[in-house]
């Protein structure tokens with residue numbers, strides 16, 4: 001894969017050297033992506049970039065543009081199915097340089113605080129922060145396995161609400177490396193969707209929170225976490241929820257009614273614990289998982305007439321190919 005020519009006739013080895021010369025972060029050739037996803041499947045990327053900060057990221061984007069190398073952003077790899085063929089280009093992973101979380105007291109007026117979370121920060125880290133600092137308003141994110149950036153892009157949420165309910169603004173990096181802060185209302189957030197484009201990188205989320213009046217917010221977070229541990233296969237590699245809930249129904253109920261609970265394909269299986277989770281029993285391939293996803297959609301539609309919408313982002317050799325915008 002390393003000899004793949006870019007449109008300018010140069011090679012990825014040359015792009016790799018140029019990236020190493022301008023970046024302080026990590027740059028890897030022919031990098032395994034399975035270890036960077038929660039499903040633990042998928043082939044390699046030609047390049048894996050882990051920029052140190054925004055300046056590093058902007059420099060990387062400039063080099064990638066100069067060499068004609070395509071790129072995508074990968075968060076913690078939840079809800080992401082990387083094909084067995086990997087990705088022919090650069091995968092950008094927002095890591096330590098994009099994980100800072102802090103808040104500004106009374107920054108929004110009326111006693112509301114501005115909580116600022118880096119796009120690479122995990123939702124779990126964000127929840128730990130608000131519990132320590134007694135900040136209420138993001139309880140709806142409890143149990144979401146991904147990053148702040150990915151959760152903003154897909155407007156992640158739970159039965160308690162959606163991220164957009166608390167989102168005040170977004171700091172984005174454009175494809176040319178420029179950074180702009182936008183109010184949240186610009187992005188037409190809907191159910192598990194937003195108008196944020198795949199070539200816009202979420203560097204920070206700006207979130208409106210309040211000082212907690214009592215411990216009920218922390219109790220809610222704790223109870224939701226406990227409930228998820230009891231009802232979801234959290235000890236096995238999975239992509240999280242496979243399908244979005246259709247209006248007025250639950251995806252897990254439809255899958256179970258269609259006989260998918262426990263259904264096996266190779267090393268992948270619809271979980272016996274929660275039918276809307278496909279787990280990797282240890283030897284699964286991306287093709288195994290893709291087969292189960294397709295089978296689930298076909299069987300549910302055949303029985304109920306309902307077409308399930310995936311919550312899974314698929315990364316193929318050519319890029320994202322999925323029902324919704326990826327992380």
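The values are calculated or read from the model by the stated rules, or taken from the named source; none is laboratory data. As the structure is a computational prediction, the values presented were derived from the model and not from experiment. For neighbour counting, all protein chains shown are included, and Cβ atoms are generated from backbone atoms with ideal geometry for every residue, glycine included.
Restricting 176, 199 to those that are in contact with a helix residue (DSSP H, G or I) (Cβ under 8 Å, 6 or more places away or on another chain) and surrounded by fewer than 18 Cβ atoms within 10 Å (Cβ to Cβ) reduces the list to 176.
Evaluation of residue 54 against the conditions (1) closer than 18 Å to residue 21 by Cβ; (2) in contact with a strand residue (DSSP E or B) (Cβ under 8 Å, 6 or more places away or on another chain) shows that the sole unmet condition is (1). Within region 95-110, being closer than 19 Å to residue 47 by Cβ and modelled with pLDDT of 95 or more holds for one residue alone: 98. The single residue among 267, 319, 282, 302 that is under 16 Å from residue 246 (Cα atoms) and either touching a helix residue (DSSP H, G or I) at 6+ places or on another chain (Cβ under 7 Å) or surrounded by fewer than 21 Cβ atoms within 10 Å (Cβ to Cβ) (or both) turns out to be 302.
Here residue 247 meets each of (1) modelled with pLDDT under 95; (2) out of contact with any strand residue (DSSP E or B) (no Cβ under 6 Å at 6 or more places or on another chain); (3) surrounded by 15 or more Cβ atoms within 10 Å (Cβ to Cβ) with one exception, condition (3). Among the residues of region 179-188, the one identified as more than 19 Å from residue 320 (Cβ to Cβ) and buried (at least 16 other Cβ atoms within 10 Å of the Cβ) is 184.
Taken together, 148, 138, 152, 132 contain a single residue that is farther than 18 Å from residue 192 by Cβ and either out of contact with any strand residue (DSSP E or B) (no Cβ under 8 Å at 6 or more places or on another chain) or touching a residue at least 40 places away in the same chain (Cβ under 8 Å) (or both), which is 132. Count of region 212-249 residues, restricted to those that are within 20 Å of residue 79 (Cα to Cα) and touching a residue at least 12 places away in the same chain (Cβ under 8 Å), is 16. Within region 155-177, being assigned to a loop (DSSP other than H, G, I, E, B), in contact (Cβ under 8 Å) with a residue 60 or more places away in the chain and on the phi < 0 side of the Ramachandran plot holds for 160, 175, 176.
One residue stands out in region 74-87 among those that are in contact with a strand residue (DSSP E or B) (Cβ under 8 Å, 6 or more places away or on another chain) and at pLDDT below 95: the one that is nearest to residue 175 (Cα to Cα), namely 74. Residue-level analysis places residue 259 among those that are surrounded by fewer than 16 Cβ atoms within 10 Å (Cβ to Cβ), in contact with a helix residue (DSSP H, G or I) (Cβ under 9 Å, 6 or more places away or on another chain) and either farther than 23 Å from residue 151 by Cα or touching a residue at least 60 places away in the same chain (Cβ under 8 Å) (or both). At least 2 residues being buried (at least 22 other Cβ atoms within 10 Å of the Cβ) and within 20 Å of the chain's Cα centre (by Cα) is the threshold, and among the strands (runs of 3 or more DSSP E) wholly inside region 14-79 those reaching it are 44-50, 71-74. Is there a residue in region 157-165 that is touching a strand residue (DSSP E or B) at 6+ places or on another chain (Cβ under 9 Å) and modelled with pLDDT under 95? No, every residue in region 157-165 fails to be touching a strand residue (DSSP E or B) at 6+ places or on another chain (Cβ under 9 Å) and modelled with pLDDT under 95.
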